[in-house]
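Participant: Just dropping this structure here.
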């Protein structure tokens, strides 16, 4: 990074007439999303100014928003002072996480969590989405076989088997494109619905890896195929990924509007009387609530959560219809995400305590909840518990933890603030998932 060294950071702060707490307040106001709690951020600032650590890219950007020049005048890359390490540290205690969250994963807090998988290669998927597709099959499209393949892709995604998913998606998408072009009548409509679902999965996977450009391409193809399918449920389902993609690229107001419009359209066209329509409708509301929370619109986020909770009650139980994983428990998990996004760390932990993790059958959702719990503890300044939650997430879904850039940022920040009792373990965790300081 081209950030100034510790002494220059300190002198720049002093030149503005700010003490460390005032700089922390200004950094928090400049942030687009929740960052470290005030006291924790003050400690981070002091560690950066001592040269113990360097700011992550997220905090470097916030410094620059406040007027810090980018880089040294001579362009030299500053060398950090080696991090102090504590010898003889003990592994994180399992009981800490269980006591404070009410979530229990047998063995999740034990030493030696599963190592993150090797980086997933998405080059074949890149080539497919940019026009260099695999050779289409010689025979006529087999809709039954394609339906099974799309279901398998969705299952791989929800099980966080991203390496396997990236291997299968390019050819599957090519076969579906061929089917949409070659078939006619009801067969073509079915092929378009399958294509919309497959491109939805592809876009979700690309958002996980931080590739927003290609995610937009896959999202556009999902909605185009959904509209061609003439199926309101398929269009509503693709509306979820449109909302998600807009959120990820910072178009938060548009994301809220898209979710609301698709939910209203679905309700008008279907009456939301079937389990599938309830699931798609409710999941649109949840996605819109997340977008509203990121936009800082607390009232809209809570209104959409409340409507989703009512829809979940009508559905009765969690199901995975249309790949939504929607239901009462899923709605509770989104309430945790909204709380932590709005900076309500204590509320997020209280909500998480009420969730029976054993009732969460979709691995991707379970890992996401644990990551949200880690974010909440980090905001709260409870770094040992935040690390324990990240370890549990890695144990649950190694590829999920390794894939998400936001987790890497959290791991780096956590390693910078970790108390002596877990400092070595936190640094090793960050290094293991590809996020060294």
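Participant: Can you tell me which condition residue 220 does not meet? The list is (1) closer than 18 Å to residue 404 by Cβ; (2) assigned by TED's automatic domain parsing to the domain that holds residue 130; (3) surrounded by fewer than 18 Cβ atoms within 10 Å (Cβ to Cβ), and all the others hold.
Facilitator: Failed condition: (1).
Participant: Same structure, new question: Within the stretch 277-368, considering only helices (runs of 4 or more DSSP H) that don't extend past its boundaries, which have at least 3 residues that are touching a helix residue (DSSP H, G or I) at 6+ places or on another chain (Cβ under 6 Å) and over 30 Å from residue 25 (Cα atoms)?
Facilitator: 298-315, 328-341
Participant: Go over the candidates 237, 301 one by one and state the one that is in contact (Cβ under 8 Å) with a residue 24 or more places away in the chain, over 14 Å from residue 324 (Cβ atoms) and within 23 Å of the chain's Cα centre (by Cα).
Facilitator: One residue alone meets the criteria, 301.
Participant: Looking at the stretch 174-181, can you tell me whether even one residue there is more than 15 Å from residue 143 (Cβ to Cβ) and modelled with pLDDT under 95?
Facilitator: Scanning the stretch 174-181 turns up at least one residue that is more than 15 Å from residue 143 (Cβ to Cβ) and modelled with pLDDT under 95.
Participant: Right, something else. Determine whether residue 243 is more than 23 Å from the chain's Cα centre (by Cα), buried (at least 16 other Cβ atoms within 10 Å of the Cβ) and touching a residue at least 24 places away in the same chain (Cβ under 8 Å).
Facilitator: Answer is no for this residue.
Participant: If residue 398 satisfies every condition in (1) within 21 Å of residue 248 (Cβ to Cβ); (2) surrounded by fewer than 24 Cβ atoms within 10 Å (Cβ to Cβ); (3) under 15 Å from the mean Cα position of the chain (by Cα) but one, which is the exception?
Facilitator: Condition not satisfied by residue 398: (1).
Participant: Also, I was wondering about something else. For residue 266, are the conditions met, namely being more than 22 Å from residue 205 (Cα to Cα), touching a helix residue (DSSP H, G or I) at 6+ places or on another chain (Cβ under 6 Å), outside the structural domain of residue 179 (by TED's automatic domain parsing) and at pLDDT 95 or above?
Facilitator: yes
Participant: Shifting gears a bit: Consider the stretch 246-265. How many of its residues are without any contact (Cβ under 8 Å) to a residue 12 or more places away in the chain and more than 22 Å from residue 314 (Cα to Cα)?
Facilitator: Final tally of qualifying residues: 3.
Participant: Just give me the residues in the stretch 136-177 being surrounded by fewer than 19 Cβ atoms within 10 Å (Cβ to Cβ), in contact (Cβ under 8 Å) with a residue 24 or more places away in the chain and more than 30 Å from the chain's Cα centre (by Cα), in sequence order.
Facilitator: Answer for the stretch 136-177, where residues must be surrounded by fewer than 19 Cβ atoms within 10 Å (Cβ to Cβ), in contact (Cβ under 8 Å) with a residue 24 or more places away in the chain and more than 30 Å from the chain's Cα centre (by Cα): 136, 137, 140, 143.
Participant: Also, quick follow-up: Can you find even one residue in the stretch 421-436 that is surrounded by fewer than 20 Cβ atoms within 10 Å (Cβ to Cβ), at positive phi and out of contact with any strand residue (DSSP E or B) (no Cβ under 9 Å at 6 or more places or on another chain)?
Facilitator: yes
Participant: Give the residues of the stretch 223-240 that are part of a loop (DSSP other than H, G, I, E, B) and crowded, with 22+ Cβ neighbours inside 10 Å, sorted by residue number.
Facilitator: Once the filter is applied, which keeps residues that are part of a loop (DSSP other than H, G, I, E, B) and crowded, with 22+ Cβ neighbours inside 10 Å, the stretch 223-240 yields nothing.
Participant: Moving on to the next point. Please give the number of the condition residue 268 fails out of (1) within 21 Å of the chain's Cα centre (by Cα); (2) without any contact (Cβ under 8 Å) to a residue 12 or more places away in the chain.
Facilitator: Only one criterion in (1) within 21 Å of the chain's Cα centre (by Cα); (2) without any contact (Cβ under 8 Å) to a residue 12 or more places away in the chain is unmet by residue 268, namely (1).
The values are calculated or read from the model by the stated rules, or taken from the named source; none is laboratory data. The structure displayed is predicted, hence computed values, not measured ones. FYI the Cβ positions are ideal-geometry reconstructions off the backbone, even for glycines, and counts take in every protein chain you see.
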